[in-house]
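Any read-out appearing in this document is the output of simple, stated calculations on the displayed coordinates, not a laboratory observation. Owing to the predicted nature of the structure, the values given are computational and were not obtained by experimental measurement. Methodologically, a virtual Cβ is constructed for each residue, glycine included, from the backbone with ideal geometry; neighbour enumeration extends over all protein chains shown.
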Amino acid sequence: MEENLKVGPWGGEGGKNSWSFKANKGGISEIVIMHGWAIDAISFKSDDRSGTFQYSDKFGGNGGRTEKIMLDWPREYLTSISGTYESAWPFGPVVIKSLHIITNVTKYGPYGYENGTPFSFPAEGGEIVGFHGRSEDLVHSIGVYVKSQIPFCASNPDYTMQQEIKLDASTEFLVGIMGFYGPVKGNDDYEALRSITLYTKNGRYGPFGEEIGTSFTSSASRGKVVGSHGRKWYLFRCNWRSYGILLNL
């Protein structure tokens, strides 16, 4: 079973036209971008293995020069987009100012003018098979649809348990973590976080999960843990594949 994940959009909330294009089968084989000082318009073509094509409308206005990106799909497919957005003029609507299109083979762009707030989305372990956003005379926002290329997780785990940890922020704070990671049976042995234990100034919480696999621990520090980061196997609503902490020293 395939599942497409809708991500974004990035950019502004203006533009009276909401748009969307997604390959019913196959993938994106052509992108046409009209651009100058911003992204004026964008359109798409998709292809499948039987030679059936889909063409989108043109989303945006009529300005700018035209650039065409032609992909040798399925050998070459979309893996990431990045770009910038900012106000079209002082106190004006926020629009997409520039775009990069990245495939498993190469990088295209930049298109437009690289100025403003940057954004990027890498479809790790997946393929971008569609786009969505808002437009008017310019492209105001853009997002993507992602198709997974890795098998889904086992659908019948033995059990799932959710536990909440409440800390008294005035007297207790996180100082470190430890845990285990390793391959998960039933998921093509992809490695994931198997167990985690949280250490605070006052004690320990956990372990949560099974303490099997390769162990890890955060370095001892006099700092305070103020956040976390990692890589979740989010396309499949499955396991965490990596985990780290942010320290306030």
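Simple spin-label model, 7 Å along Cα-to-Cβ: Glu191 to Lys107 in nm? Taking the two extended label points, one gets 2.6 nm.
Taking the Cα of Glu136, stepping 7 Å toward and past its beta carbon, and measuring to each backbone N in segment 26-45: which are under 18 Å? So the set is 37-42.
Estimated at 0.36 nm per residue, the fully extended path between Thr117 and Trp37 surpasses their Cα-Cα distance by 27.3 nm. Counting 0.36 nm for each residue step from Glu172 to Tyr55 and taking away their Cα separation leaves a gain of 36.4 nm. Label zone (Met70, point 7 Å along Cα-to-C-beta; backbone nitrogen cut-off 19 Å) within segment 105-129: 105-109.
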